[in-house]
Amino acid sequence: MNVFGRNSLLIIVLSFCLTITVGCWYSNQSGSASDTSQMSDVPSFAIPIDCNLGQDCFVMHYVDIDSSPKAVDFNCGRQTYDGHKGTDFGISSLQAMNAGVSVLAAAEGTVLRVRDGVIDRLVSDRITQKQVAGQECGNGLVIDHGDGWETQYCHLKQGSIQVEPNTKVEQGEVLGMVGSSGLASFPHVHLSIRHQGEIVDPFVGEEAVAQANCKTRRNSLWQESLDYVPTGLIRAGFSTQQPKQTELWQGKYQNNQLSINSPALIFWVHAYGVLKGDREHWQLISPDGDMVIDRENNLDTPYRSWVSYVGKRKLSAGTWQGKYELIRHNQPVFSIEREIQLN
Ligand SMILES: [Zn+2]
């Protein structure tokens, strides 16, 4: 559903921006066009997950505001997919999911509908995708906030939903746990906000006004100001073999059992929202301080979820250090350092 369906000006602006996506959202990253003034009957919403955004969770996908087969988020970025009707708050792995992260009511209201009993799994191909047909939301619920406002929560952990239909909930009340049920390729909670049945992007609000250069005037519905962070780190570490994306979402390679007899030392990074033109700078430093890898890699394809690594054979004992920086327009987007002891 396209919240801007009747706004041809915005569509034109968005189409233009698709050709210069990077500069487009980047120029507006500070959120300078935001406007928090709202009409009093518009509810404000808290984030629906008990975590610290940017530390142990992240916004993986935004609402697709483009009605065409293209996918464009509210800031003219590409951190969404065609037809996505909500905001996906992700956590790093199934291991984090099993440790338990609560899903919270975004605002007070009355529970309308609940579904539970769908297994948690990672949808990774067309076969597993077909198997969740008709149950894309997985375990989920809908809350009525009055005046035609509703929130919907999807992909909760099987058996975790703690509320029943026709009961009142307070803002911040625990509804269940983050899971990976339904059409989910990573553990997350999907939040859809609707008003009179129409999807509303909470980062923009209903009264969004298109401005030049994609600077949409925003009437955010979030209670606290949330930055637009389309790119970031999910996890990084070491392994003895090249890690696959599904393995990383599963939580593999958390506790490294590596030694100098391991076939190789792989330093890997799992990130979200990389773009064409981004540059990776890798460094691997041996225990005696030698820079054994100092390499740059230019990305020629954008990815919403991205796994990358470097490796070294013939290992010596001691502390190895890995450094990684993702660079865009000659500015660091994020940088990390990791260490591992080999004996
Ligand atoms: Zn979603």
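The values are calculated or read from the model by the stated rules, or taken from the named source; none is laboratory data. Every value quoted in this text rests on a predicted model; they were computed, and no experiment measured them. Cβ: placed from backbone, ideal geometry, glycine included. Neighbour counts: every protein chain shown.
Here are the numbers:
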| read-out | value |
| --- | --- |
| Residue that is surrounded by the fewest Cβ atoms within 10 Å (Cβ to Cβ) [pool: residues in segment 100-124 that are within 19 Å of the chain's Cα centre (by Cα) and of a type outside the set (Gly, Ala, Ser)] | Leu122 |
| Residues of segment 313-333 classified as in contact with a strand residue (DSSP E or B) (Cβ under 6 Å, 6 or more places away or on another chain), surrounded by 15 or more Cβ atoms within 10 Å (Cβ to Cβ) and not hydroxyl-bearing (Ser, Thr, Tyr), total | 9 |
| Top-ranked residue in segment 42-72 [being part of a loop (DSSP other than H, G, I, E, B) and within 13 Å of the ligand (Cβ to nearest atom); ranked as farthest from Glu108 (Cα to Cα)] | Ala71 |
| Qualifying residue in segment 254-261 (condition: modelled with pLDDT of 95 or more, under 19 Å from Met97 (Cβ atoms) and not hydrophobic (A, V, I, L, M, F, W, C)) | no |
| In segment 159-196, residue nearest to the ligand (Cβ to nearest atom) [restricted to those that are of a type in the set (Val, Ile, Thr), surrounded by 16 or more Cβ atoms within 10 Å (Cβ to Cβ) and in contact (Cβ under 8 Å) with a residue 60 or more places away in the chain] | Val189 |
| Contacts under 7 angstrom Cβ, first residue in segment 131-147 being closer than 17 Å to Asn166 by Cα and in the same structural domain as Gln162 (by TED's automatic domain parsing), partner part of a loop (DSSP other than H, G, I, E, B) and at pLDDT 95 or above, 6 or more apart | Leu141/Ile161; Leu141/Val163; Ile143/Ala105; His145/Ala107 |
| Every residue from segment 63-92 that is on the phi > 0 side of the Ramachandran plot and either of a type in the set (Val, Ile, Thr) or touching a helix residue (DSSP H, G or I) at 6+ places or on another chain (Cβ under 6 Å) (or both) | Cys76 |
| Qualifying residue in segment 94-104 (condition: at pLDDT below 95, part of a loop (DSSP other than H, G, I, E, B) and under 26 Å from Glu224 (Cα atoms)) | no |
| Test: residue in segment 86-99 that is farther than 25 Å from Gln171 by Cα, within 16 Å of the ligand (Cβ to nearest atom) and more than 15 Å from the chain's Cα centre (by Cα) | no |
| Qualifying residue in segment 298-310 (condition: touching a helix residue (DSSP H, G or I) at 6+ places or on another chain (Cβ under 6 Å) and either assigned to a loop (DSSP other than H, G, I, E, B) or at pLDDT 95 or above (or both)) | yes |
| Hey, Val269 within 27 Å of Ala71 (Cβ to Cβ) and surrounded by 14 or more Cβ atoms within 10 Å (Cβ to Cβ) or not | yes |
